[in-house]
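Visitor: Would you mind keeping the following structure in view while I ask a few things?
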Amino acid sequence: MPNYLYVATNPSGKTITGTIEAQDRTTALHLLGSQNLRPISLKEGAVKKGGFTFGDFLGNNKVKSDDLVMFTRQLSAMVSAGVPIIRALTSLRDHTESAALKKVCDSLIKDIEAGAPFADALEKYPNTFNDVYVNMVRAGEAAGILDEILKRLAMQQEKSATLRKKIKSAMTYPVVLMVITVVAFFGLMIFIIPQIGKILTDLGGPEAKLPPLTMVMLGISSFMRQFWFILIPILVAGVVFLLRFLKTPRGKALFHRLILKIPLINAIVIKVAIARFARTFSALMGAGVAVLEALDVTSRAIGNVVYEARLKEAAELVKNGKNLSTVLDNDPLFPAIVSQMLAVGEETGQTDQVLVKVADYYEEEVDTAIDGISSIIEPVMILVMGGAVGLIAASVMGPIAGLAQSVKG
């Protein structure tokens, strides 16, 4: 479908430029008219290509979390200072270095100029603005406190971004060590062990009896060298299949249940989930979102299907008249402090402020837990790498020692 480059005037008389996708020129003119734009010129541009592009592969068409945090923080400051939303978005579009964010801002400006509410314009970009973001902005527009809501959003996003970075940082070291271990093992088995085996055979003769461990290692090495063209595709296909399976609802559910049962890991997963629950739910409640809607949005924002299902069950019980604190009491997925603090918030009418303290507490707990598990992972990974290297060394040194003894004899 072709793109049309247009220059038009909006109802306020301001001249704007942009692109519009339409089947033909007549349809493009009709679409501009439906947006209350008066065309000055309309030229057909390049045809928009569908499918996956190289820019998509590099992530150039996705707004980064850091850019979104900065966007929200700056938009909050400008709206709080009384700058009109369109002018604020225009300024952000002109000064951002993110090409993806520029495109999003362009679309937001066009939709708002055409009369759409800010939240409806944001809703068209679910990969950039999630349900929490859209619902909070919608509540802020309805209550006339958009500036305050944007401040809350900016703070929440900064906290979430910090938490994600800490988790990624903690995972980077063990993943790098694991990759190095696997690559080193394959390198030794394919290139080094065969040469050593040849040397041992030459020294001991064709009838030399090698230790069982050495024979096993040589057998594995021979198999890998002969069938590498089968092993590598199977390994790659297995990784791709596993990643795709984990993205399916069934795979995601199995994975999320599994990590909640692994010692040490489950403690961190629970603390991260509670921190996200408290931070998101408090932000939505503070924005004036209804409890049931806030629970529905929060359940999807936690990122764990087990917690999502539990919160949806809780929403049904709340709908039937129970307090959320009572519903979550004695639930193994929610520590006792959560229900206790919720009870205090329900009694005082300050649920959002109480949950912010819960979120702060659990985010600090996540930091401590990540530091603790990182200190454990490092020696464990070193032991694994040392064990793999030691196993190979033992398979080599055993026959060498045997040959040395036979030479002395």
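Computed from the coordinates by the stated procedures, all read-outs in this text should not be read as laboratory data. Model, not experiment: these values are computed from the prediction. Please note: Cβ atoms are built from the backbone with ideal geometry, for glycine as well, and neighbour counts cover all protein chains shown.
Visitor: Could you line up 281, 229 from fewest to most neighbouring Cβ atoms inside 10 Å? Walk me through the numbers before you get to the answer.
Guide: On the way: 281 28, 229 7.
Taking fewest neighbouring Cβ atoms as first place, the list is 229, 281.
Visitor: Counting alpha carbon pairs within less than 8 Å and at least 6 residues apart, what relative contact order, in whole percent, applies to the chain?
Guide: 13
Visitor: Given the options 149, 132, 75, identify the residue whose Cα lies farthest towards the positive end of the charge dipole of segment 59-151 (+1 on Cβ of Lys, Arg; -1 on Cβ of Asp, Glu).
Guide: Farthest along the dipole direction, towards plus: 75.
Visitor: With respect to the cross-link table entries 43/110; 103/166; 159/357, which display a Cα-Cα separation exceeding 20 Å?
Guide: Values: 43/110 18 Å; 103/166 30 Å; 159/357 13 Å.
Violating the 20 Å limit, Cα to Cα: 103/166.
Visitor: May I ask you to list the residues of segment 229-269 whose amide nitrogen lies under 19 Å from a point 7 Å from Cα along the Cα→beta-carbon direction of residue 383?
Guide: Residues 262-266 qualify, since their backbone N sits under 19 Å from the label point.
Visitor: Moving on to the next point. By how many nm would the segment from residue 364 to residue 114 lengthen if fully extended, with 0.36 nm per residue of separation less the alpha-carbon distance?
Guide: 85.5 nm
Visitor: Then there's this: Please list log₁₀ I(q)/I(0) at q = 0.14, 0.15, 0.18, 0.20 Å⁻¹ for segment 286-355, using the Debye equation with identical point scatterers on the alpha-carbon positions.
Guide: Relative scattering, expressed as log10 I(q)/I(0), comes to -0.39, -0.45, -0.67, -0.85.
Visitor: Right, another one. Take the Cβ-Cβ distance between residue 176 and residue 19 as r, set R0 to 60 Å, and report the resulting FRET efficiency rounded to the nearest 0.05.
Guide: Values: r = 43 Å, r/R0 = 0.72.
So the FRET efficiency works out to roughly 0.90.
Visitor: I need the shape label for segment 59-151. Rule: rounded when a/c is under 1.5, else prolate if a/b > b/c, else oblate, with a, b, c from the alpha carbon gyration tensor. Write down the numbers at each step before the final one.
Guide: On the way: a/c = 1.40, a/b = 1.29, b/c = 1.08.
Judged from the Cα gyration tensor, segment 59-151 comes out rounded (a/c under 1.5).
Visitor: When all alpha-carbon pairs of the chain are counted, what percent fall beyond 32 Å? Can you show the working numbers first?
Guide: Details: 46827 of 83436 pairs.
The answer is 56 percent, as a whole percent.
Visitor: Modelling each spin label as a point 7 Å along the Cα-to-Cβ direction, I'd like the residue 300/residue 239 distance in nm, to one decimal.
Guide: 3.2
Visitor: Once the piece of chain linking residue 230 and residue 10 is laid out straight, how much longer is it, given 0.36 nm per residue of separation minus the C-alpha distance between them?
Guide: Values: separation 220, 0.36 × 220 = 79.20 nm, distance 6.26 nm.
Here the answer is 72.9 nm.
Visitor: While we're here: What is the sum of charges around residue 120, taking Lys and Arg as +1, Asp and Glu as -1, for the other residues whose C-beta is under 9 Å from the C-beta of residue 120?
Guide: Details: positive: 124, 138; negative: 111, 123.
Summing Lys/Arg as +1 and Asp/Glu as -1 gives 0.
Visitor: Along the charge dipole of segment 165-409, Cβ charges K/R +1 and D/E -1, which of 281, 226, 326 sits furthest on the positive end?
Guide: Comparing the listed Cα positions along the dipole, 226 ranks first.
Visitor: In addition: Restricting to DSSP H runs of at least four residues, report the calculated mean residue ellipticity at 222 nm for the chain, -39500 (n - 2.57) per run over all residues, nearest 500 deg cm²/dmol.
Guide: Numbers: 18 runs with 300 residues, N = 409.
About -24500 deg cm²/dmol.
Visitor: Let me ask something else about it. Considering all alpha-carbon pairs of segment 165-409, what whole percent are spaced by more than 27 angstrom?
Guide: Details: 16788 of 29890 pairs.
When all Cα pairs of segment 165-409 are counted, 56 percent exceed 27 Å.
Visitor: Let me ask another. Residues in segment 72-98 near a label at residue 147, defined as backbone nitrogen under 11 Å from the 7 Å Cα→Cβ point?
Guide: 76-84
Visitor: Please arrange 279, 310 by counting, for each residue, the other beta carbons lying within 10 Å of its beta carbon, fewest first. Walk me through the numbers before you get to the answer.
Guide: Values: 279 26, 310 20.
In order of increasing Cβ crowding within 10 Å: 310, 279.
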